[in-house]
Amino acid sequence: MQKDYYYKMNEHESNDNWRFKARKDIIIWLIKKQFNNNKDLALLDVGSWTWYFLEHLMQAWYKNISGFDSSKDSIILCKNKWIHIEFWSLPKVDLYKKYDCITCLDVIEHVDQDKESIKNIINVLKDDGTAIFTVPAYKFLWWHHDEINHHKKRYVRHEFKKLIESAWWKIKYISYFNFFLFPIALLFKYINKKNDTVDSKVSWFLNKIFYSIFRSEFWFIKQWFRFPFWVSIIACVGKK
């Protein structure tokens with residue numbers, strides 16, 4: 001990822017950008033649901049990026065949180081918030097601890113060895129643990145955003161499902177998400193081919209509207225409703 005864009009995204013997260021804020025709310029709710037709001041979980045965030053998600057896990061009173069990233073900039077940004085993460089790079093996950101819950105949010109699309117990375121992540125998940133993945137969807141949505149983020153690919157649901165199952169994971173839930181804002185994302189893609197408008201700063205009013213629309217998907221995911229298509233994929237998986 002380009003360094004200036006990396007810090008730009010950190011600024012967006014600091015300002016509670018609608019996309020990061022809504023995704024954070026949905027993921028933390030999923031963690032609470034899977035573990036009956038147990039705050040003593042051993043949590044690992046794979047590809048921590050900035051401090052945003054880890055800090056909100058702490059604010060939700062989770063006590064045993066670890067993270068790693070392959071970027072020194074990520075480590076610096078987290079350190080500035082008094083959050084310690086390790087330097088590590090997929091596909092290698094040579095950790096000596098097992099975790100109840102692993103989050104891997106918009107990470108797998110960055111690595112060439114996606115299958116190997118997923119298999120190695122399973123080795124540090126407890127037998128009764130749960131991992132939550134998100135990845136971008138659909139090759140036809142590929143645009144400037146993917147280039148500057150150094151994405152390797154986008155997925156379709158059946159392809160990502162097969163990738164997970166090849167690592168002997170059991171899929172508890174898999175769906176497309178960020179469904180309702182798809183028309184806006186598609187419009188931005190074709191109007192602003194060289195600008196990362198989807199993550200660019202918007203007015204507080206639009207930010208609030210986009211956040212409310214995206215977060216509303218929580219009520220569908222709560223019922224394990226599976227959206228049929230669109231912007232991203234979310235998967236909740238385990239060993240059994």
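Only the coordinates and a few stated rules stand behind these numbers; no lab work does. Just so it is clear, the model here is predicted, and its values are computed rather than measured. Note: ideal-geometry Cβ built from the backbone for every residue, glycine included; neighbour counts use all protein chains shown.
Annotations for the structure displayed:
- Options Ile174, Leu44, His150, ranked by Cα towards positive dipole end of the chain, top entry (Cβ charges): Ile174
- A convex hull fitted around the alpha carbon atoms of region 3-238 yields 117 Å³ per residue.
- Estimated distance in nm for a label pair at His150 and Asp25, the labels positioned 7 Å out from Cα along Cα-to-Cβ: 3.2 nm
- Between Val202 and Asn36, the modelled labels are 3.9 nm apart [label points 7 Å from Cα along Cα→Cβ].
- Sum of side-chain charges, Ala42 neighbourhood, beta-carbon under 11 Å (Lys, Arg +1; Asp, Glu -1): +2
- Per-residue Cβ neighbour counts within 10 Å put Arg23, Arg154, Arg226 in the sequence Arg226, Arg154, Arg23, beginning with the fewest.
- Total formal charge among the other residues, if their Cβ is under 9 angstrom from that of Ser232, Lys/Arg +1 and Asp/Glu -1: 0
- Selection from Asn64, Ile121, Phe225 lying farthest towards where the dipole of the chain points positive, charges on Cβ: Phe225
- Of all DSSP beta bridges confined to the chain, the antiparallel ones make up roughly 45%.
- Formal net charge of residues neighbouring Ala60 (Cβ-Cβ distance under 12 Å; K, R +1; D, E -1): +2
- Just so you know, the Cα atoms of region 31-88 work out to an Rg and Dmax of 11.4, 35 Å.
- Flagged links, alpha-carbon separation over 24 Å, of Lys72/Lys239; Lys115/Lys153; Lys21/Lys115: Lys72/Lys239; Lys21/Lys115
- Helix-only CD estimate at 222 nm, as mean residue ellipticity for the chain, using -39500 (n - 2.57) per DSSP H run (n ≥ 4): -11500 deg cm²/dmol
- Per-pair calculated FRET efficiency, R0 = 22 Å: Phe229 and Lys172 via Cβ, rounded to 0.05: 0.60
- Pairs from the table (Lys33/Lys170; Lys97/Lys162; Lys63/Lys119; Lys32/Lys222; Lys97/Lys126) lying more than 19 angstrom apart at Cα are Lys97/Lys162; Lys63/Lys119.
- Charged side chains reduced to their Cβ positions (Lys and Arg at +1, Asp and Glu at -1) give the chain a dipole of some 600 debye around its Cα centre.
- Relative contact order, whole percent, for the chain stands at 23, derived from Cα pairs under 8 Å and 6 or more residues apart.
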